[in-house]
Every structure is written in structure tokens, then in C-alpha cells.
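Laboratory data are not the source of any read-out in this text; all were calculated from the coordinates shown. It should be emphasised that the depicted structure is a prediction, and the values quoted were computed from it without experimental measurement. Note: ideal-geometry Cβ built from the backbone for every residue, glycine included; neighbour counts use all protein chains shown.
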């Protein structure tokens with residue numbers, strides 16, 4: 001094997017690993033994600049955290065049939081950083097009362113923070129053909145620009161604000177991270 005071919009295969013291998021940072025899983029009749037060494041904290045958002053500021057992140061998880069969304073969920077998390085212990089804390093905010101914490105954790109290393117946040121996101125199983133090819137897409141944005149709260153008082157999501165958050169161009173001060181699973185079927189997930 002030539003050195004050039006070895007390097008090409010190695011780059012392809014690394015690209016495949018990066019693409020598989022998230023994978024779908026079935027959990028008590030709902031869809032969620034497995035996370036493998038997913039690191040989304042970087043750049044200005046990480047700098048703000050390490051300068052003692054808390055940073056709000058909006059996480060959106062979608063189930064897609066090609067480009068057509070079949071379901072989505074959104075959660076908001078506030079992260080902070082302990083300068084002395086060099087660990088992160090996270091607070092999941094309530095959808096019905098956006099200033100109220102639902103879950104909190106602390107002393108997480110950077111490699112564990114994504115798993116903790118994503119572990120609180122679930123999508124109901126759609127009633128579709130179990131052999132239909134699907135993907136799941138995760139999008140994370142830091143809240144760099146103040147927008148209206150996407151959570152309505154009844155706990156439902158204001159879709160207009162949700163579309164605004166995830167369709168507007170990224171502000172240079174905010175982080176935007178997107179990852180997509182490999183194609184899968186609901187039938188394959190249900191098989192042990």
C-alpha cells in the first residue's frame with residue numbers, strides 16, 4: 001500500500017468517525033441519541049464560559065425523512081464553568097416556566113457536557129413504515145442574540161420563534177453546531 005493511499009484511507013476513517021459522533025437509539029418508546037465524544041464547546045462561547053460568564057444554549061433535535069421533519073424537540077440549557085475545579089455546570093430550563101430549572105448538574109468535564117444535555121431530549125415515535133430510511137439531526141446554538149422566548153406558557157413551543165432561532169444566520173458571537181446521524185430505520189432500532 002502506498003503512503004498516499006494509506007493517508008487517504010486514514011482521512012476517510014477519521015471522517016467516518018466524526019460523522020458517527022451521534023447515533024439514534026430507542027428508549028422506552030421514544031427516540032433519543034447516543035453521544036460519542038461530542039464536543040460542541042469552542043470559540044467565543046467557550047471563552048465566555050472560561051471568563052466566568054454563563055452561556056445559554058438552545059438544542060434542537062429533529063427526526064427527518066430526507067429533508068422533511070417528522071418530529072422535533074427543543075431544550076434550553078444554561079452552562080457555567082468553575083474556574084477552580086475546571087468543570088462545567090448545566091441547568092435545563094423548564095419549557096412552561098423558562099426561568100425555572102428542571103434538572104441541574106455540576107462537575108462535568110467538557111467531554112461529558114454534551115451527553116448530559118442531549119440525554120434529556122426525546123422524540124415520540126412517529127406512526128410510519130418501520131423500514132423507511134430516516135436520519136436525526138442535532139443542532140446547537142448559543143444564545144448570542146436576544147430573541148423572544150420560544151416557549152409558550154402552556155409548555156408548547158412557539159414555532160415562529162423556533163424557526164427564527166434555527167434559520168437565521170449565525171451571529172459571529174454565537175456557536176452553531178450541527179450533527180446528523182447515519183441513515184437508519186425504526187425497525188432496525190427495535191431489533192435487539
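Below, the figures for the structure above:
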{"item": "Criterion: farther than 30 Å from residue 190 by Cα and in a strand (DSSP E or B) - qualifying residue of 102, 91", "result": "91"}
{"item": "Residues that are over 16 Å from residue 59 (Cα atoms), surrounded by 15 or more Cβ atoms within 10 Å (Cβ to Cβ) and within 16 Å of the chain's Cα centre (by Cα), drawn from the range 80-136", "result": "110, 135"}
{"item": "Residue in the range 40-63 that is surrounded by 13 or more Cβ atoms within 10 Å (Cβ to Cβ) and over 15 Å from residue 141 (Cα atoms) present", "result": "yes"}
